[in-house]
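Student: Would you mind keeping the following structure in view while I ask a few things?
Please treat every number below as a calculation from the coordinates, not as lab data. Keep in mind the model is a prediction, meaning the values are calculated, not measured. No Cβ is skipped: glycine too gets one built from the backbone with ideal geometry, and neighbour counts run over all protein chains shown.
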C-alpha cells in the first residue's frame, strides 16, 4: 500500500517536474533568441595603453595588500580576452585579484587593414616589451610574471627565450603548443603540400575570423551540434542557459589575424617547427627554449582537442629552468582556464605556485 | 543544475555519438585529398569575397554611399583619436602623480607568500 502511494507520488512528482521544465524551457527559449548578448569581462579596469590591435588593461585591485611582482597576462591572438574574465566567480582575473596579485592584461582588438604587416616579431617581442615597460612604470617593479594562454603562451615563451628572461620573473603557460607537428588537425590543414598561405595572405591581407573559426570547428566537427542538443535538454535551467550563452558567445567571437603574423606562424612554426628545432629566429634574435631560465609553470588539459598534449609537453622538457612545474589536468582547452574545472583544479595550483615566487 | 550526471543515458548517448562523429570527421578532414579540396575552396572563397566587395564598393560609390572601406577608414581614424586620448589620459595621470608626490597608486606591495603566512600561524599560538 505504502509502496503504491510512494510510486504514485513519484509519478506525480515526475509529471509536475516535466511540466515545470517544459514551461521554463519555453520561457528561456524565447528569451534566448530575443535578449542581447550577456555581459562579459566585468572586472573593473583601466585601459592604460592602446596601439592599434593592442590594448593594455590594468585591473582595479581587490585586496588591501598585493604581491610585489605584478602579473602580465598575454591572451591568444585569435580570441577575445574575456574568456579569462567571463563572469564574477568564473574569472581567472578576478581570482588573481582577490588572491592579491596586481593584474595587467594584453587584449587584442581586430587588426586594422593597415596592420596586415604586423609580424611575429611585433607580437612576440615589440608588444610584450612595450607592455612590460608600462607595467614597470606603473608599478615601480622591474620584473613581472608573464602568464600566457594558448597562442598567448607561445608569444610569452618566445619573448622569454629571445630576451633570456629580461624583465620576466616567472613564466606561467597554459596549453601552449611547442611541437607544431603534433597539432593534429591544424598540422594537417596547414600542410605545406597543399596549403598556399602566401596566396591566401596576399589576397586577403588580414585573415578573416571565419577562416580561423572553420579551422577550430574542424578539430571537433560534432561539437556544435552536441552543444545545441545539451542546450535544448537543459533549456529549463536558467543558470545553464546563461553560462552557455557566455561560452557560446566567446567561442564564436573570433578575431581576424594580421596577415604577415599568420604567414610567419604557418611557415616558421607549423612548417619549420622552429620552436622544436631551435632554429627559429625572430627579429634577428634566436628563439631557443633552453635560454629560458626563469621559474616555469605549465598546465595542459588531458582532453584538449585544439592543443593536443603531445604538442605542449616539450615545453617543460626543453627549457633551461631548474624550477619547473608541469601538470596535466582533467578537462579541455577552455575548461582548463575557465569554468568549474578551472576554479577547482587549475587556479588554486597556479596561486600556490605563483604566490611563492611573487613576494 | 543541468542534467550532466554520468548516469543520464541521453547525455551519454550524445557524448558517444559526438566522439564517433568527431573521429570520423578527423579522418575525413585529415586526409590529403580533403586538404587539397579545402585549399582550393578557401582560395576561391577568398577570391569571390574580394571580387564581390570590389564590385559592391563601385556600386555604392555610384549611389553616393560609403563603402565598407570608407567605414573602415572612419573607424581607423576614430581608433587613432581614441589612442591619443588614452595616451593623453595616461600622461595626465603621471603628471598628477608627480605633482602630488605619489609615484605609485594602489595597495602596498607587501603581501607575503602563503607558506610564510602558514608557518607564522603556529608561532602566534
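Student: Over what distance in Å are the Cα centres of the range A:281-305 and the range B:5-53 separated?
Tutor: That distance is 30 Å.
Student: Which order do the peptides A:312-325, A:61-74 take when ranked by the mean count of other beta-carbon atoms within 10 Å per residue, highest first?
Tutor: Ranked from most to least packed, the peptides come out as A:61-74, A:312-325.
Student: What order, most packed first, do the peptides A:163-171, B:69-77 have when packing is the mean number of other Cβ atoms within 10 Å of each residue?
Tutor: Ranking, from highest mean packing down: A:163-171, B:69-77.
Student: Efficiency by 1/(1 + (r/R0)^6): what FRET value for residue A:290 and residue A:18, r their Cβ-Cβ distance, R0 = 56 Å, to the nearest 0.05?
Tutor: Approximately 0.35, to the nearest 0.05.
Student: Highest mean first, how do A:293-301, A:180-188, A:272-280 rank when packing is the count of other Cβ atoms within 10 Å averaged over residues?
Tutor: In descending order of packing, they fall as A:293-301, A:180-188, A:272-280.
Student: Just to verify a number: FRET efficiency for residue B:93 and residue A:30, C-beta to C-beta distance, R0 = 56 Å, to 0.05?
Tutor: 0.75
Student: Moving on. Using a Gaussian network for chain A with springs between C-alpha atoms less than 10 Å apart, which of these wobbles most: A:23, A:147, A:15?
Tutor: Result for chain A, Cα springs under 10 Å: A:15 fluctuates most.
Student: A follow-up question, please. Could you work out the relative contact order of the range A:118-175? I mean the mean sequence separation of Cα pairs under 8 Å and 6+ apart, divided by the number of residues, in percent.
Tutor: 36
Student: Run through every distinct alpha carbon pair of chain A and return the Kirkwood hydrodynamic radius in angstroms, one decimal place.
Tutor: 21.7
Student: For chain A, what is the mean residue ellipticity at 222 nm derived from helices alone (per DSSP H run of n ≥ 4: -39500 (n - 2.57); sum divided by total residues; nearest 500 deg cm²/dmol)?
Tutor: Computed mean residue ellipticity for chain A: -11500 deg cm²/dmol.
Student: Which whole-number percentage describes the relative contact order of chain A, with Cα contacts under 8 Å and a sequence gap of 6 or more?
Tutor: Value for chain A: 21 percent.
Student: Here's a follow-up. Suppose R0 equals 41 Å; then what is the FRET efficiency for residue B:58 and residue A:253 from their Cβ-Cβ distance, rounded to the nearest 0.05?
Tutor: 0.85
Student: Where both residues lie in the protein assembly as shown, what percent of DSSP beta bridges are antiparallel, nearest 5?
Tutor: Taking every DSSP beta bridge with both residues in the protein assembly as shown, the antiparallel ones total about 40 percent.
Student: Within 10 Å of each residue's Cβ, count the other Cβ atoms and sort A:54, A:146 from fewest upward.
Tutor: Going from sparsest to densest Cβ surroundings: A:54, A:146.
Student: To continue, here is another question. Sorted from fewest to most neighbouring beta carbons within 10 Å, what does the list A:130, B:82 look like?
Tutor: B:82, A:130
Student: In nm, give the distance between the simple-model label positions of residue A:330 and residue A:356, each being 7 Å from the Cα along the Cα-to-Cβ direction.
Tutor: Each label point is offset 7 Å from its Cα along the Cβ direction, giving 2.5 nm.
Student: What does the structure give for A:281-289 when I average, per residue, the other chain Cβ atoms found within 10 Å of the residue Cβ?
Tutor: Counting Cβ atoms of other protein chains within 10 Å of each residue's Cβ and averaging gives 0.
Student: Can you give the mean number of other chain Cβ atoms that lie within 10 Å of the Cβ atoms in peptide B:34-40?
Tutor: Neighbouring Cβ atoms belonging to other protein chains average 5 per residue here.
Student: Can you give the mean number of other chain Cβ atoms that lie within 10 Å of the Cβ atoms in peptide A:212-225?
Tutor: 4
Student: Going by Cα centres, the range A:222-249 and the range A:64-89 are how many Å apart?
Tutor: Each part's Cα centre sits 25 Å from the other's.
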